[in-house]
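Asker: To start, I am sharing the structure in question, which I have written as structure tokens.
Rule-based calculations on the coordinates, nothing more; no lab input. Since the model is a prediction, treat every value here as computed from it, not as a measurement. In this analysis, Cβ positions are derived from the backbone assuming ideal geometry, glycine residues included, and neighbour counts consider all displayed protein chains.
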Amino acid sequence: MTRRMPSSAPPHRRRRPKAPRAPEAPVEALLGETLIWTDGACSGNPGPGGWAAIVCGPAGAEPAELSGGDEHTTNNRMEYTAALEGLRSLHAGSTVCIVTDSTLLLDSMTKWIHGWKKKGWKTASGSPVKNQDLVEALDAEIGRHAAVRWHWVKGHETGTEHAHKALNDRADKLAVAAARAAAT
């Protein structure tokens with residue numbers, strides 16, 4: 001029988017396993033709801049970046065493609081900016097679903113923001129919240145609308161079996177093009 005000798009090293013901290021994310025479901029607009037498909041891109045991190053929002057109004061209105069960039073930014077800032085600019089393009093009191101492939105954006109705005117506000121914009125570890133300016137602006141913009149819900153899709157998947165999220169791929173292409181334009 002082999003015996004382990006006690007170690008003077010600190011005990012290994014076990015990480016709690018992440019809860020599995022619910023399987024992806026195609027997004028469906030509710031009656032009178034506007035869908036905003038968002039994405040951010042960055043060449044280098046930080047580096048030149050771009051954002052895109054495709055705004056699909058209710059009742060099959062023609063989608064509006066919005067995009068922009070910054071010569072020195074991060075991918076996360078561009079993800080937040082895409083959602084922010086998409087919401088800013090709508091009239092106050094709109095009912096909206098933001099479709100994103102960013103789990104950071106989704107979790108920031110649906111899970112963590114409440115704790116950050118209570119803790120004076122500090123994370124669970126006591127560090128300042130990154131991109132607080134954009135999170136606060138996005139939170140204020142959400143307050144301008146009647147209802148905002150969030151829907152996550154897995155990004156960077158194309159083909160006929162992923163046709164239900166072709167606008168996610170389109171938003172990615174627009175964001176990448178905006179990042180390239182910001183680099184010049």
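Asker: Find out how many positive minus negative residues lie around ALA92, taking Lys and Arg as positive, Asp and Glu as negative, among other residues whose Cβ is under 12 Å from that of ALA92. Mind showing how you got there, number by number?
Answerer: Details: positive: ARG88, ARG144; negative: GLU141.
Within the 12 Å Cβ shell, the charges total +1.
Asker: Within segment 113-184, which GluC sites (Glu not before Pro) sit in a loop by DSSP and count at most 16 neighbouring Cβ atoms inside 10 Å?
Answerer: Answer in residue order: GLU157.
Asker: Another question about this same structure. Taking 0.36 nm per intervening residue step and subtracting the Cα-Cα distance, what contour gain separates ALA177 from TRP121 on full extension? Each step should come with its number before you reach the end.
Answerer: Values: separation 56, 0.36 × 56 = 20.16 nm, distance 3.31 nm.
Gain on stretching ALA177 to TRP121: 16.9 nm.
Asker: Multiply the residue gap between ARG149 and ARG170 by 0.36 nm, knock off their C-alpha separation, and tell me the result in nm, one decimal place.
Answerer: Numbers: separation 21, 0.36 × 21 = 7.56 nm, distance 2.11 nm.
Result: 5.5 nm gained on full extension.
Asker: Using only Cα atoms, tell me the angle between helix 75-88 and the longest principal axis of the chain; keep it within 0 to 90° and round to the nearest 10.
Answerer: So the inclination is approximately 40 degrees.
Asker: Please go through the residue pairs LYS130/LYS154; LYS117/LYS154; LYS111/LYS165; LYS119/LYS165; LYS118/LYS165; LYS118/LYS173 and name each one whose alpha carbons sit more than 30 Å apart in this structure. Please report the intermediate quantities before stating the final value.
Answerer: Working: LYS130/LYS154 24 Å; LYS117/LYS154 28 Å; LYS111/LYS165 24 Å; LYS119/LYS165 37 Å; LYS118/LYS165 36 Å; LYS118/LYS173 37 Å.
Where the Cα-Cα span goes over 30 Å, the pairs concerned are LYS119/LYS165; LYS118/LYS165; LYS118/LYS173.
Asker: Another question, then. Using alpha carbon centroids, what distance separates segment 115-184 and segment 62-93, in Å?
Answerer: A separation of 8 Å, based on Cα centres.
Asker: Using every alpha carbon pair in the chain, what percent of pairs falls into each 5 Å bin from 0 up to the bin containing the largest distance?
Answerer: Pair shares across the bins are 1, 8, 14, 18, 18, 15, 10, 5, 3, 2, 2, 2, 1, 1, 0.
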